[in-house]
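Step one of this worksheet: look at the structure below.
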Amino acid sequence: MKERVKVFTFVSGHGETVAGLPQEDHINQWLSTARGRMAHVSQSESAHLGASHHVTVCVWYIPEEHP
């Protein structure tokens, strides 16, 4: 099987926004350099009462084959 996954995860601190974070830059940078075809994207979020907000983004892709 040639399909691969790249996982990005972030846990915010108290009162920290989860929008406009450096993680977006990390994902966009990876997407601009990864060679292949995206197969699926998923996102999960969970809040931990009084602690943090946890966000995970998974990108499944099929790497480009080189001759």
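The values are calculated or read from the model by the stated rules, or taken from the named source; none is laboratory data. Since the structure is predicted, the reported quantities are computational estimates derived from the model, not experimental observations. Remember, those area values only see protein heavy atoms, side chains included, never the ligands or the DNA or RNA. Shrake-Rupley method; radii C 1.70, N 1.55, O 1.52, S 1.80 Å.
Of note:
- Accessible surface, 1.4 Å probe, highest first, among residues Arg35, Arg4: Arg35, Arg4
- Extension reserve of the Leu49-Glu3 stretch, reckoned as 0.36 nm per residue once the Cα distance is removed: 13.0 nm
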